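Report on the following structure.
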Amino acid sequence: CRMNCRSIDSLEVDEILKKGHINYVKSDTSSNNPCRKKYALEGTTRDNQLVRIIFSPCNDAQTVVTVIDMDTDWDCDCK
């Protein structure tokens, strides 16, 4: 819902996962359980949105926790 509201699609998520840089201030890498670690990757998408995407890797899967457009405060109604 948040991805759709913020005009961020799955291709852009993949793009940031591959080319984004980790913002360690916004990440949580302190857990001893690797499935509880969260990485904030930031970058610019193909349509020039500056985004932060929080990923939580676990085993062989990447979970997207949230997507944030860092330039625009979208009015989303996601519940």
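The values are calculated or read from the model by the stated rules, or taken from the named source; none is laboratory data. Fair warning: this is a prediction, and the values are worked out from it, not measured in the lab. Cβ sites come from the backbone with ideal geometry, for glycine too, and all protein chains shown count toward neighbours. Accessible surface is based on the protein model in full, side chains and every heavy atom, while ligands, DNA and RNA are left aside. Shrake-Rupley method; radii C 1.70, N 1.55, O 1.52, S 1.80 Å.
At-a-glance table
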{"item": "Test: residue in the range 48-68 that is open to solvent by 60 Å² or more (accessible area, probe 1.4 Å), under 21 Å from residue 1 (Cα atoms) and modelled with pLDDT under 90", "result": "yes"}
{"item": "All positions within the range 3-47 that are under 13 Å from residue 66 (Cα atoms) and open to solvent by 100 Å² or more (accessible area, probe 1.4 Å)", "result": "4, 26"}
{"item": "Cβ pairs under 6 Å, 6+ apart, first in the range 1-25 and over 10 Å from residue 42 (Cα atoms), second charged (D, E, K, R) and surrounded by 10 or more Cβ atoms within 10 Å (Cβ to Cβ)", "result": "6/69"}
